[in-house]
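Here's the structure we're looking at; comments come further down.
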Amino acid sequence: RQDQLGQQLRLDSFYELRASFTNPDDQNRVANTLGARLRYDLTPKLQGALDYRLTFKNFTQVDRADTEHQISALAIYNINPDVFVSGTVSYLFGRSSSAAIDLDNLSIGVSLGWNVPLF
């Protein structure tokens, strides 16, 4: 969902259900994610964004459940209407029912993406 909050400000929100099957199967899981992104157009080609995601993971073959929170800051530069480059700083934290799992993580990334029309 995308909501225009102002001329340069948008709020995007989503829900995702994902099932992952692995080999070995002790990592098989179902994940439910809720997310929201507040985007601001700094210039016609440059956007800044703050992102929050809440994910619940239930592992199907082992007794484990994780709750994850991810907070991100993004800069997105649109090279043209179909190609963009972005930089991200994210912090992931949460808890797991398994004492051996530490979910705290800081990541920095750069990505290149393109929009492909389906219809």
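The values are calculated or read from the model by the stated rules, or taken from the named source; none is laboratory data. If you're wondering where the values come from, they're calculated on a predicted model, not measured in any experiment. Every residue, glycine among them, receives a Cβ derived from its backbone with ideal geometry; neighbour counts consider all protein chains shown. These area figures cover heavy atoms from the full protein model, side chains too; ligands, DNA and RNA do not enter into them. Shrake-Rupley method; radii C 1.70, N 1.55, O 1.52, S 1.80 Å.
Values as computed for the structure displayed
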item	result
Cα-projected label distance for GLN4 with TYR52, points at 7 Å along beta-carbon direction, nm	2.5
Relative packing of peptides 25-32, 98-105, 64-71, 9-16 - highest average C-beta neighbours within 10 Å first	64-71, 25-32, 9-16, 98-105
Accessible area (Å², 1.4 Å probe, nearest 10) - LEU106	120
For the chain: accessible area per residue (Å², 1.4 Å)	70
Carbon/sulfur fraction of accessible area - the chain, other protein chains in place, 1.4 Å, %	58
